[in-house]
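See below for the structure under consideration.
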Amino acid sequence: MRLAHFTRRVFLRAAAAAAFVGTQTPNLLASAAPMSPGARELTLVSGAKMPLIGLGTWEADPGVVGSAVQASLDAGCRHLDCAAAYRNEHEVGEALAASSVPRKEIFITSKLWNDRRRPADVEAALDKTLSRLGTDYLDLYLIHWPVVWAKDSVMKPDAQASLRETWQTLEKLVDAGKIKHIGVSNYNEAEVKELLSYARIRPAVNQIELHPRLPQTQLVKYCQSNDVCVTAYSPLGRGSKTKAGLLTNPTVTQIAAVHGVSPASVLLRWNVQRGVVVIPKSVTPARIRQNLEEPWSFRLSDQELAAMATIDDGARFCSPPWSTFGDRTRSDDIVTSCLTRLASGVFAVASLDITK
Ligand code: A2P
């Protein structure tokens, strides 16, 4: 029985990782208080503004992501969340090139993949992303996961590289003007703390999975109280792609009905109201417009927030084998070790495009 359970988890992890093509998440000031209903941007430490609602492009398929970006810019969105690992940056770039919105009005984030940790590789990866997106600078560049893999490998540690050296390289790229802000993604509290101990340029953002089933209140508080803004990826619990059921959760749908808005808007408002940036992914123009506008049309009451707090059950919908989340179990670690040895080929296939 236990073996069957273990085998099933190994299988599920492998399937999740094979399907995984990268992940993605604001940047708040230490003083970041819950947002006033009208505030649509955060002011970063640098004084730059970061729109609280952006467009996520993870799992936006090639062929449709370009029109989603176009629809989003047309609807007034000025914040795009991208990553090399999503393998669709070239199409985002084509949509940007076709748009009449000036580059300087758009906040563009991208992410450095896990096997690009040595200084020369970091800069080459950034240059590729810049070229795909058709821009000469990024507003924000994130370390996608707090792991150090050897070049062109999957989950093979690189003893000659370190996150510290990667960060120092990113700092130099800020100095060189290729990046305006640097940050991290999927970092837990201890990892943010360690980074803060040596960062010359402080991380502007930690992008993490956040929705009412996974509020991560302590980590959000820690980041915000240390001037690290927080961005929520998968703020809708990945819609109907997972069993998150957040869009059909009775508490969420009831609150949505009271305000005459969609369940998605309730979920987005929930994060935005605590000063957390959201990057809902959608390739559907009507949803893109709704996600951008509706969350500003109402405010969640204390009573509604208390009701939503009961949804928290710690469920994660993005937990690949290399993740370092504090809630990983011993069996997760065993699974990771098995996968590293036995199934890295699967991941290599999944990440081939990233390393090209
Ligand atoms: P689609 O891209 O087909 O519009 P998350 O951002 O949490 O990862 O969720 C993304 C998923 O949620 C996608 O499947 C997306 O579908 C769906 N989605 C995005 N916006 C809405 C919305 N306003 N209402 C319902 N589903 C949405």
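Readers should treat all values here as calculations from the given coordinates under stated rules, not as data from a laboratory. Keep in mind that what you see is a predicted model, and the values were worked out from it rather than measured. Glycine gets a Cβ as well: all are built from the backbone with ideal geometry, and neighbour counts include every protein chain shown.
A simple count of charges around Q207, restricted to other residues whose Cβ falls under 11 Å of its Cβ and scoring Lys, Arg +1 and Asp, Glu -1, yields -1. The charge dipole of segment 228-322, taken about the Cα centre with unit charges on the Cβ atoms of Lys, Arg (+1) and Asp, Glu (-1), comes to about 380 debye, rounded to the nearest 20.
Once the Cα-Cα distance is subtracted from the 0.36 nm per residue extended length, the S197 to S301 segment shows a gain of 33.7 nm.
Distances between every pair of Cα atoms in segment 49-115, grouped in 10 Å steps from 0 to the bin holding the largest one, split as 22, 58, 19, 1 percent. Using a simple spin-label model with pseudo-atoms 7 Å out from Cα toward Cβ, E171 and E293 lie 4.5 nm apart. You can think of it this way: the chain between R164 and D313 has 50.3 nm of extra reach, that is 0.36 nm per residue less the Cα-Cα gap. Applying a threshold of 25 Å to the alpha-carbon distances of K156/K243; K111/K156; K104/K241 flags K156/K243; K104/K241 as lying beyond it. For segment 23-331, the residue among I108, C77, V148 whose Cα projects farthest onto the positive side of the dipole built from Cβ charges is V148. The local environment of M50, defined by Cβ-Cβ distances under 9 Å, has a net charge of -1 under the rule Lys, Arg +1 and Asp, Glu -1. Close amide-amide hydrogen proximity is noted between A150 and K156, D158, each under 5 Å apart and 5 or more residues distant or on a separate chain (H modeled in the peptide plane; Pro and chain starts excluded). Each other residue within a Cβ distance under 12 Å of V276 adds +1 if Lys or Arg and -1 if Asp or Glu, for a net charge of +2. Annotation: peptides 151-159, 63-71, ranked by per-residue average of other Cβ atoms within 10 Å with the highest first, follow the order 63-71, 151-159. Under the simplified labelling scheme, the D74-K49 pair shows an inter-label distance of 2.4 nm, with each label point 7 Å from Cα along Cα→Cβ. Work out the P(r) tail for segment 23-331: percent of alpha carbon pairs separated by more than 29 Å, whole number. Of all Cα-Cα pairs in segment 23-331, 30 percent lie more than 29 Å apart. Applying 1/(1 + (r/R0)^6) with r as the Cβ-Cβ distance of T248 and S67 and R0 = 22 angstrom yields a FRET efficiency of 0.20.
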